[in-house]
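A.B. asks: Okay, here's the structure, questions in a sec.
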Ligand code: F0G
């Protein structure tokens, strides 16, 4: 029995083929440690940073001390359905930081969660509740108007001109002649059919929002999404090039309900737009999609089209947020103003599993709290750690954000110098702050069969990451949806020496790629 690995051993087996199946026994700062055959620790510099969860590094001493104190003091980790002053404080502080950055005089209500995908799904669920309630409010208003018209006809103070009934159907004359009851029945029938339309979700092409049943519908990568397409509302993906025409895209999806207007002694049939567009979901910097920055012009196009059509904007800052790009929200610098925000990853300080959905208070529907819950979310442990993370980020007037920007500049300059020296091998370097990517040129035309196979199987980045780990003791990963791109998301404490170590590793990989030394790149020897 001991030999059987029942915990995703298929994946581990695959990792071993590229030499990424290391077993780490300890973590500290920007280092993970594994043991050599003599049991001595081998340090590995970690640029993968827990997929962006380690803004403050592994096992930050103050966060560890706080966790230890909480546990030693018998913290009430689970006290569901009771007062949660720590969560209240965390919500207030998150709201204040978001308002400060966006410059908007509005608060944000928080619903806590345990993972990024969950926070995204909560935002979508809330947006859908809000949309459905608005649709129901509109239908109730129409029902009231119908009654007003009926009363006016009964009292003989208003009549239905034939042309007014035109909007209700081709048989307008007959309808008008049949009187208000027939017209009202027709409107109710037409509206019921139209209101049954599926809500529409929009997402930016290339985005990643999670892999649960709902969030995977918003994740663009077809390999993740298509097998489960039947399980959720499909998203309409909008390409960046399409953004200038977003108002038209929204208009094409327009569905109107019919309403009755009584003005003076005339009744007319008017149309009212059904709120059918549930939300537009996007990342300000696409992480898993290959470190793709959204520009201010695109952000403005999304913002204005959504505002005009009444579509809420859900900004997924799960990876880009918590200060990683030099501001608390990556969207701040490009003028993005979300109606909803999803935060996770570094909110848990590298120790807790924590996430949160923030909703603009003017949109917030308190009844959401009665239809959504989670056993683990909002617990004492994770929210108290979240507060400590904010303390550490906000200390010294936001020194941590400045550090993220400064360290990011240094790392970016190094990546650019590698690109300059190996333009034949490195296609692009991009990103902001500590969310950076280096994209290798396509190797599908390589003479080396193994390299070609990796390029064709979308595993080249993993193979190169394996080489960096084996030979240079540097840990990095590609972005799965852009498999030639390695991403670098270390903590704000990443040192010059560690960046230099990455540089020599990257230069070695680039030199081997340049001369197409397949054996040098891919030969898997036991880890040094
Ligand atoms: N949204 C974004 C922008 C993400 O980057 C991720 C996860 C999620 C949502 C889902 O979060 O895993 O906590 O449920 N990104 C990881 C990555 C998996 O590879 O970048 P989760």
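A.B. asks: For region 158-189, what are the residues that are out of contact with any helix residue (DSSP H, G or I) (no Cβ under 8 Å at 6 or more places or on another chain) and at pLDDT 90 or above?
C.D. replies: Correct list: 185, 189.
A.B. asks: Could you check region 345-358 and list, in sequence order, the residues that are more than 11 Å from residue 55 (Cβ to Cβ) and surrounded by fewer than 24 Cβ atoms within 10 Å (Cβ to Cβ)?
C.D. replies: 351, 352, 353
A.B. asks: How many residues are surrounded by fewer than 17 Cβ atoms within 10 Å (Cβ to Cβ), at pLDDT below 90 and in contact with a strand residue (DSSP E or B) (Cβ under 8 Å, 6 or more places away or on another chain) when one looks only at region 260-275?
C.D. replies: 2
A.B. asks: If I go through region 345-374 residue by residue, how many of them are away from the ligand (no atom under 15 Å from the Cβ) and either more than 20 Å from the chain's Cα centre (by Cα) or in a loop (DSSP other than H, G, I, E, B) (or both)?
C.D. replies: 13
A.B. asks: Let me ask something else about it. Please go through region 16-53 and give me each residue that is out of contact with any strand residue (DSSP E or B) (no Cβ under 9 Å at 6 or more places or on another chain), farther than 13 Å from residue 490 by Cβ and surrounded by 15 or more Cβ atoms within 10 Å (Cβ to Cβ), ordered by number.
C.D. replies: 18, 19, 21
A.B. asks: Scan region 450-483 residue by residue and report those that are free of Cβ contacts under 8 Å to residues at least 40 places away in the same chain, in a strand (DSSP E or B) and away from the ligand (no atom under 16 Å from the Cβ).
C.D. replies: Scanning region 450-483 gives no hits.
A.B. asks: Additional query: Under 23 Å from residue 121 (Cβ atoms) and in contact with a strand residue (DSSP E or B) (Cβ under 9 Å, 6 or more places away or on another chain): does that describe residue 352?
C.D. replies: Criteria not met by residue 352.
A.B. asks: Quick check on this structure: which one of 235, 279, 203, 193 is touching a strand residue (DSSP E or B) at 6+ places or on another chain (Cβ under 7 Å) and within 30 Å of residue 145 (Cβ to Cβ)?
C.D. replies: Being touching a strand residue (DSSP E or B) at 6+ places or on another chain (Cβ under 7 Å) and within 30 Å of residue 145 (Cβ to Cβ) holds for just one of 235, 279, 203, 193, which is 279.
A.B. asks: Same structure, new question: Which one of these does residue 447 not meet: (1) outside any helix (DSSP H, G or I); (2) in contact with a helix residue (DSSP H, G or I) (Cβ under 8 Å, 6 or more places away or on another chain)?
C.D. replies: (2)
A.B. asks: Take the residues in region 375-389 that are surrounded by fewer than 22 Cβ atoms within 10 Å (Cβ to Cβ) and within 22 Å of the chain's Cα centre (by Cα); name whichever of them is farthest from the ligand (Cβ to nearest atom).
C.D. replies: Of everything passing the filter in region 375-389, 387 is farthest from the ligand (Cβ to nearest atom).
A.B. asks: Exactly one condition in (1) part of a helix (DSSP H, G or I); (2) under 20 Å from the mean Cα position of the chain (by Cα); (3) crowded, with 24+ Cβ neighbours inside 10 Å is false for residue 342; which is it?
C.D. replies: So residue 342 meets the others, but not (1).
A.B. asks: So in region 392-427, with the set limited to residues that are outside any helix (DSSP H, G or I) and touching a residue at least 40 places away in the same chain (Cβ under 8 Å), which one is surrounded by the fewest Cβ atoms within 10 Å (Cβ to Cβ)?
C.D. replies: That would be 424.
A.B. asks: Let me ask something else. Quickly run through region 484-510 and pick out the residues that are surrounded by fewer than 16 Cβ atoms within 10 Å (Cβ to Cβ) and within 16 Å of the ligand (Cβ to nearest atom).
C.D. replies: The answer is none; no residue qualifies.
A.B. asks: Let me confirm something: among 521, 513, which residue is in contact with a strand residue (DSSP E or B) (Cβ under 9 Å, 6 or more places away or on another chain) and either crowded, with 17+ Cβ neighbours inside 10 Å or within 20 Å of residue 49 (Cβ to Cβ) (or both)?
C.D. replies: When all the criteria are applied, what remains is 513.
A.B. asks: Determine whether residue 264 is in contact (Cβ under 8 Å) with a residue 12 or more places away in the chain and on the phi > 0 side of the Ramachandran plot.
C.D. replies: Spelling it out, residue 264 is indeed in contact (Cβ under 8 Å) with a residue 12 or more places away in the chain and on the phi > 0 side of the Ramachandran plot.
A.B. asks: Now, a different point. Check region 196-204 and report whether any residue there is more than 30 Å from residue 299 (Cβ to Cβ) and not in a strand (DSSP E or B). Steps first, answer last, please.
C.D. replies: Step one: list which residues in region 196-204 are more than 30 Å from residue 299 (Cβ to Cβ), which gives 196.
Next, from what is left, pick out any that are not in a strand (DSSP E or B): 196.
Yes, some residue in region 196-204 is more than 30 Å from residue 299 (Cβ to Cβ) and not in a strand (DSSP E or B).
The values are calculated or read from the model by the stated rules, or taken from the named source; none is laboratory data. Keep in mind that what you see is a predicted model, and the values were worked out from it rather than measured. Reconstructed Cβ throughout: ideal geometry from the backbone, glycine too, with neighbour counts over all protein chains shown.
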